[in-house]
Amino acid sequence: MRTLIHLSDLHFGRVDPAILRPLVEFIGEVKPDVVAASGDLTQRARTAEFSAAREFLSAIPFPQIVVPGNHDVPLHDIFSRFARPLDRYRRFITTDLQPVYEDAEIVVAGVNTARSLTWKDGRINRRQLEKLRGTLQTPPADRTKIVVTHHPFDLPAGASGRVVGRSRRAMRTLAECRVDLLLAGHFHIADTSQTAKRYNMPGYSAIIVSAGTSTSTRGRGQPNSLNVIQIDQSRLTIERRTWRPHSGLFDVLSIELFRRTAEGWIRE
């Protein structure tokens, strides 16, 4: 059994400070095997915002897979946006833009989908997919394989916008590698779906988990939330926790169960 906590869209520069300490304490109580943060650590990619994000992540004493989002690329500083778009991210967070965590039961691979040219929308390219294939084809077949991006492979319910660019090409690679779980954020909408809904790939269906914002005041009508995911080879539980300011706790909002079959993951 492995436990993963999925955070997203922290947006330091626009956080609710009352959430930060309870969130760190909650993660400490859960004691996850790994924490995945799926992008937008900052609001405007400013130095002070990255510094605050680093301080927050440093307070979490567990392995982490962190990827940047489009807000981690400067918007108004045009020179930095195109000449060194993730310079501050690399300086304060990590130089590894395709990080990997692996143990005896799971493999978690992050991919940077943030781009300078299409600031809001994201893309995944051939080089990234080749590296992802090399990472995910090596582990034994019984490992649960998880990919973390900022931009999702399907739109969460109620969202308007675009999925990550070149998603169909990417999905072929993900299917070849038998990826089980896709974690993303971007829209600040918590939702769960399956790849079979959007991509017609016989014999393959992975789970897509979109996260709301965990700490930002830009909730877009949704409460601050995070996902607690428990993985036990052939079964997977996704527990959505939402912030309750009156109690100061992250309460359970929903629990979804999935089971692995020969055709992919299905709801129980």
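Each reported figure results from applying straightforward, stated rules to the coordinates on display, with no laboratory input. As the structure is a prediction and not an experimental result, all values here were calculated from the model. With ideal geometry, Cβ positions are generated from the backbone for all residues, glycine too; neighbour counts draw on all protein chains shown.
Charges on Cβ only, +1 for Lys and Arg, -1 for Asp and Glu, centred on the Cα centroid of the chain; of P152, N224, A109, which one is farthest towards the dipole's positive end?
P152
Can you give the % of DSSP beta bridges in region 15-163 that are antiparallel, to the nearest 5?
Given both bridge residues lie in region 15-163, the antiparallel proportion sits at roughly 25 percent.
Can you tell which of F56, F153, F26 shows the greatest fluctuation in a Gaussian network model of the chain with Cα springs below 10 Å?
F26
Most mobile of K31, K145, K197 per a Gaussian network model of the chain (Cα springs, under 10 Å)?
Greatest mean-square fluctuation among the candidates belongs to K197.
Determine the sum of side-chain charges near V24: Lys and Arg each +1, Asp and Glu each -1, restricted to other residues whose C-beta is under 13 angstrom from that of V24.
-1
Counting only DSSP beta bridges with both residues in the chain, tell me the antiparallel percent, nearest 5.
For the chain, the DSSP antiparallel bridge percentage is about 60.
Choose one answer from R46, R115, R244: the residue with the largest mean-square fluctuation in a GNM of the chain with alpha-carbon springs under 10 Å.
R244
Could you tell me what fraction of 2.2 N^0.38 Å the Cα radius of gyration of the chain comes to, as a two-decimal ratio?
Rounded to two decimals, the normalised Rg is 0.93.
Nothing charged except the Cβ atoms of Lys and Arg (+1) and of Asp and Glu (-1): what's the magnitude of the dipole of the chain about its Cα centre? Round to the nearest 20 debye.
So the magnitude is around 1040 debye.
What net charge is computed for the residues neighbouring N70, neighbours being all others with C-beta under 9 Å from the C-beta of N70, Lys and Arg scored +1, Asp and Glu -1?
Once all neighbours under 9 Å are counted, the net charge is -1.
Looking at the chain, do any whole DSSP H helices span at least 18 angstrom along their long axis by alpha carbon and average 1.0 or above on Kyte-Doolittle, and which?
Span-like helices in the chain: 17-30.
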